[in-house]
1. Over the range 7-209, what is the relative contact order in whole percent, taking alpha-carbon pairs under 8 Å and six or more residues apart?
2. Cut-off 16 Å, label point 7 angstrom out along Cα-to-Cβ of ASP52: give me the residues of the range 17-42 whose amide nitrogen falls inside.
3. Loop-only trypsin sites (Lys or Arg not before Pro) in the range 118-168, please: DSSP not H, G, I, E or B, and at most 13 other Cβ atoms within 10 Å.
4. Given H placed on each backbone N at 1.01 Å, which residues far from ASP200 in sequence or on other chains put an amide H within less than 5 Å of it?
5. Residue separation times 0.36 nm, minus the C-alpha to C-alpha distance between ALA90 and LYS31: what's the value?
6. Taking every pair of alpha-carbon atoms in the chain, what share in percent sits in each 5 Å bin, from 0 to the bin with the longest distance?
7. According to a simple spin-label model (label point 7 Å from Cα along Cα-to-Cβ), what is the distance in nm between ARG198 and LEU176?
Amino acid sequence: MNTLSQPDQTTQLFDQIADQLVERGYFLAEKALPASLCLALQQRIQALDDEDFKRAGIGREQEHQLNKRVRTDQIRWLTRQDPIEAEYLAQMEILRLGINRRLFMGLFDAEFHFAHYPEGAFYKRHLDAFRGNTNRVLSVVFYLNDDWQEDQGGELLLYAEEQTPGEETPLLKRVLPESGTLAIFLSDQFPHEVLPTRRDRYSIAGWFRVNNTLGDQLDPPR
Ligand code: OGA
Ligand code: MN
C-alpha cells in the first residue's frame, strides 16, 4: 500500500493526492502512513491525560453555548516538543510541499490537533472554511482507531460540494475512522460531519493554510 516512508512510494502517493484533488476535490486512502508511525501516534494519544485535552471551540468564545450543540470532541494541538508529534508534523510538511509542487496551491503553513471523541461525541455537519473568510484551504484528517466496526458509529460523512451555502447536498462518502486512513478535502467546498460515536474515537485533524494577508478575519481562537 501507499506509505510516506519510502521516497518513490511517497512520490506515487503525492501524485495520487494531487490528481484526486484536481479531479474531485478530495482524497481518501487506507494505510496512508507507515504502520510504525501510526502505532507511535496511538501510544502518544493514549499517554496524554484527559486534562491535556480541552473542549473544542468553533468561532468566537461567546458562541460557546452553541458549540456544544455543534461539536463535543476534545482537542489538543500538536507541537514539535514531542518527537512523535514532530514526526507527524514533518510528514505533513513533506505532504504540504509535495502538493504545492504539483498544484501551486501556495499552501503556506499548517496546524494539527489530536481529537478525542468520547462515547456519544459528535460534530454536526459543517464546512471548515467559508469562501473568502479564512485561510484554511485543505483539511487533513488521520485516524487512529484499530478494528473500527460499522455499528460503532463515529463515521465521517462527506457531502457533495455546496452550491448554495447551507443547502443539503448528496452524501459522497462514509469513512470509518480506522487506523491509517487519511482523508484530505478542500476546506471550503465539502460539508462534512462526524456521527455520534459509540466508542472512544481518536484522530488528528488539521489544515494547510494560505498566507491571506488581505483577509481581515482571524482564525478561530485556540
Ligand atoms: C474537524 C472535522 C472530522 C473527523 O475537526 O473539523 O471535521 O472525521 N473532523 O474527525
Ligand atoms: Mn471539519
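1. With pairs under 8 Å counted, the relative contact order is 29 percent.
2. 38-42
3. ARG131
4. Result for ASP200 returns GLU119.
5. Answer, rounded to one decimal: 19.5 nm.
6. Histogram of Cα-Cα distances, whole percents per bin: 1, 7, 14, 20, 22, 19, 12, 5, 1, 0.
7. Output for this residue pair reads 1.3 nm.
No value in this document is a laboratory result; all are computed from the given coordinates. Predicted model, so just to flag it, every value in this text is computed and none were measured. Every residue, glycine as well, gets a Cβ built from its backbone with ideal geometry; the counts of neighbours run over all protein chains shown.
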